[in-house]
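Take a look at the structure below.
The values are calculated or read from the model by the stated rules, or taken from the named source; none is laboratory data. This is a predicted model, so every value here is computed, not measured. Ideal geometry is used to build each Cβ from the backbone, glycine not excepted, and the neighbour counts take in all protein chains shown.
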Amino acid sequence: MKKTTQPTKTNLLPFFTFSCVFLAIFNAKAQKVHYDSINKQKYVLIDVHKTYERITSKGYESVEMYEYLGNYYFECSNFKKSKLYFDKLFEKYSLSQISPKSIERYKSIKF
């Protein structure tokens, strides 16, 4: 005689609760809120270089953005990216618009 088994009902509540807690913790670590020690105000840190790269990829250009990106990657020892942004800076703008610090850094990485 064949034994009939009842279909098992899985309780989704523990799984749903666990996944919500996990996602909340994961999201909390993604954007960390910092507090100012003097005024006790909240602020969030953003990666300016990523924002500037995204803006330049959309076609917007300015001296300040190219200088910032060139100097940022120079300080991070990523000389290929630094040279890329300095090349764009020196192609599109005159020397009078570029800071002396950026000119010296560009001369030092020219290869």
Any residue that is at pLDDT 70 or above, assigned to a helix (DSSP H, G or I) and touching a Phe, Trp or Tyr at 6+ places or on another chain (Cβ under 8 Å) - is there at least one of those in segment 34-47? no
Given the criterion assigned to a helix (DSSP H, G or I), surrounded by 11 or more Cβ atoms within 10 Å (Cβ to Cβ), over 23 Å from the mean Cα position of the chain (by Cα) and aliphatic (A, V, I, L, M), identify the matching residue among I55, I103. I103
Using beta carbons and a limit of 8 Å, which pairs, at least six apart or on different chains, have the first residue in segment 42-67 and basic (K, R) and the second one at pLDDT below 90 and not in a helix (DSSP H, G or I)? K42/V33; K42/H34; K42/Y35; K42/D36
Return the residue satisfying two criteria in turn: it lies in segment 81-100 and is of a type in the set (S, T, N, Q) and assigned to a helix (DSSP H, G or I), and of such residues it is surrounded by the most Cβ atoms within 10 Å (Cβ to Cβ). S82
Can you spot a residue in segment 90-109 that is in contact with a His (Cβ under 6 Å, 6 or more places away or on another chain) and of a type outside the set (V, I, T)? no
Every residue in segment 64-98 that is of a type in the set (G, A, S) and within 22 Å of K50 (Cα to Cα), please. G70, S77, S82
